[in-house]
Amino acid sequence: YRVKLPPTPNFRKELVSILNYIPHLNSISFVGYYGEPTLNKNLLDFLKIAEDVRNELTWTYNKPKLTLFTNSSTIYFKEIRERVKQFELVLAKLDVGFDDDFKRTNRPNPLTPKIQVLIDSLVKLKQEMPNQHKLAVQCLIYNSYKEDFIANSNSDNIANIAHALKRIKPDMVQIYSTARIPAEYFVYAIDNERKREIASIFKEIINDDKIEINIY
């Protein structure tokens, strides 16, 4: 499923009018078209306009980074990786490391490949990105009140994610949990102690001081 939504004639003007009021901004972020920005074939048209506007304006500190958020579901397409790698900072989701957890947690579209294919694609993306561009992997971890619904905070999944991260070699890893009311009533956030435990497991398995691991 793809969409073709080019920038409107007013996009540049609207962007300038907004950014003029926030000269301290540190990121111009592309978050979603129909839920996933990489689905838009015109994504780079928006990026080009945003880059031109950013370079024309005056900023309080450094120029804001051109940032893309993605759920990683389309990264296995080479042409999409070619677009994605042009962003200065890419924040890609990886909440699971095994297919059973993938089906429970992310409930992917039937056409979405297995999680191992997506992990392999994130490995390729990192290798293909320019050295000055950065990849952050976001891991949303949650708990479950239902005994028959295994949350992705289970120890096997945490270890599987860590081994995947070891292969991907992102610049940053962001561990966080649900902050809003989730779609399922039985899902709830992990606490900060569990986040710290997961960060320690990641650090031990990844064993790479160049990868920054943070909790939120």
Review point. Cα centroid distance between segment 150-216 and segment 50-75, in Å?
Key: 26
**Study point:** For segment 1-70, the fraction of alpha-carbon pairs in successive 10 Å shells from zero, as %
**Key:** 20, 51, 26, 3, 0
Review point. Nearest 10 degrees, 0 to 90: what angle lies between the long axis of helix 43-56 and the longest principal axis of the chain (Cα atoms)?
Key: 60
Study note, to complete from the structure: Per-residue Cβ contact counts at 10 Å, fewest first, order 101, 45 as 45, 101
Review point. Which is the longest part of the chain that has none of the trypsin sites (Lys or Arg not before Pro) sitting in a DSSP loop with at most 16 other Cβ atoms within 10 Å?
Key: 42-113
Practice item. Enumerate by residue number the chymotrypsin sites (Phe, Trp or Tyr not before Pro) in segment 53-91 meeting two conditions: DSSP loop (anything except H, G, I, E, B), and at most 15 other Cβ atoms within 10 Å of the site's Cβ. Key: 59, 61, 77
Practice item. Could you list the square roots of 5 times each eigenvalue of the Cα gyration tensor of the chain, that is, the equivalent ellipsoid semi-axes, sorted largest first and rounded to whole Å? Key: 31, 19, 18
Exercise for review: Would you please report the Å³ per residue occupied by the convex hull of the alpha carbon atoms in segment 94-215?
Suggested key: 111
**Study point:** Label-point gap, in nm, between residue 59 and residue 186 - each point 7 angstrom along Cα→Cβ
**Key:** 4.6
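Laboratory data are not the source of any read-out in this text; all were calculated from the coordinates shown. Just so it is clear, the model here is predicted, and its values are computed rather than measured. Cβ sites come from the backbone with ideal geometry, for glycine too, and all protein chains shown count toward neighbours.
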